[in-house]
Amino acid sequence: MKKGYFYQTTIGKVGIVEENGLIIEISFQQIKSNYQIEETNLLYKTAQQLEEYLIGKRIEFTIPIQLQGTSFQCKVWNALRTIPYGETRSYQDISIQIGSPKSCRAVGMACHNNPIAILIPCHRVIGKNKKLVGYAGGIDIKEKLLELEKYS
């Protein structure tokens, strides 16, 4: 049974969903999964770690997650998880990293469809020209997250 809850954070309302003891979704907007509204220990712990991150007291998460997507999406999302805190990569960098150098647009779509915002740090992916492009939570949130990580 999927269980989800919304939390107010310093960057707005965030919805978190778990299934079988694993986080499967963190969203700034409407949650995509069907779920029972119930706060669990894991959801609360996840919200706590997110807030610690948002106030600059955490750079890594210890939350168990489960990726739910195509094999290509999961490959992209796993690559995103290797981007160190405070660093960025381009869509092209990620496409090269996953061994598919001509898949920049598909990498962008995988980032757009990232179900676990922040923990899978698609906010650290920027345009080849170093411009901030696209973010499901909005460019303003992407900019705040990068500023938090001292991106310049």
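As an exercise: evaluate Glu143 against (1) under 28 Å from Thr40 (Cα atoms); (2) not in a loop (DSSP other than H, G, I, E, B) and give the number of the one condition it does not meet. Against the list (1) under 28 Å from Thr40 (Cα atoms); (2) not in a loop (DSSP other than H, G, I, E, B), Glu143 comes up short only on (1).
Note on segment 120-134: among residues that are out of contact with any Cys (no Cβ under 7 Å at 6 or more places or on another chain) and in a strand (DSSP E or B), the one that is modelled with the lowest pLDDT is Ile126. May I ask you to list the residues in segment 1-21 that are surrounded by 14 or more Cβ atoms within 10 Å (Cβ to Cβ) and either without any contact (Cβ under 8 Å) to a residue 12 or more places away in the chain or not small (Gly, Ala, Ser) (or both)? Result: Lys2, Lys3, Tyr5, Phe6, Tyr7, Thr9, Ile11, Val14, Ile16, Val17, Glu18, Glu19. Restricting segment 138-152 to residues that are in contact (Cβ under 8 Å) with a residue 40 or more places away in the chain and touching a His at 6+ places or on another chain (Cβ under 8 Å), the residue that is surrounded by the fewest Cβ atoms within 10 Å (Cβ to Cβ) is Ile141. The residues listed here are Gln97, Gln92, Gln68, Gln36; of these, the one that is out of contact with any helix residue (DSSP H, G or I) (no Cβ under 9 Å at 6 or more places or on another chain) and of a type outside the set (A, V, I, L, M, F, W, C) is Gln36. Taken over segment 40-59, residues that are outside any helix (DSSP H, G or I) and closer than 24 Å to Lys130 by Cα amount to 2. Look through segment 1-28, keep the residues that are assigned to a strand (DSSP E or B) and of a type in the set (Phe, Trp, Tyr), and return whichever of them is nearest to Leu43 (Cα to Cα). So, considering only residues that are assigned to a strand (DSSP E or B) and of a type in the set (Phe, Trp, Tyr), the one nearest to Leu43 (Cα to Cα) is Tyr5. Being assigned to a loop (DSSP other than H, G, I, E, B) and in contact (Cβ under 8 Å) with a residue 24 or more places away in the chain is a property that does not hold for Gln92. Residue-level check: of (1) outside the structural domain of Ile24 (by TED's automatic domain parsing); (2) outside any loop (DSSP other than H, G, I, E, B); (3) at pLDDT 95 or above; (4) within 14 Å of the chain's Cα centre (by Cα), Ile83 misses just (2). Within segment 32-48, is even one residue outside the structural domain of Ser90 (by TED's automatic domain parsing), closer than 24 Å to Lys144 by Cα, touching a Ser or Thr at 6+ places or on another chain (Cβ under 9 Å) and of a type outside the set (Gly, Ala, Ser)? Scanning segment 32-48 turns up at least one residue that is outside the structural domain of Ser90 (by TED's automatic domain parsing), closer than 24 Å to Lys144 by Cα, touching a Ser or Thr at 6+ places or on another chain (Cβ under 9 Å) and of a type outside the set (Gly, Ala, Ser).
The values are calculated or read from the model by the stated rules, or taken from the named source; none is laboratory data. Just so it is clear, the model here is predicted, and its values are computed rather than measured. So basically every Cβ, Gly included, is an ideal-geometry build from the backbone, and we count neighbours across all protein chains shown.
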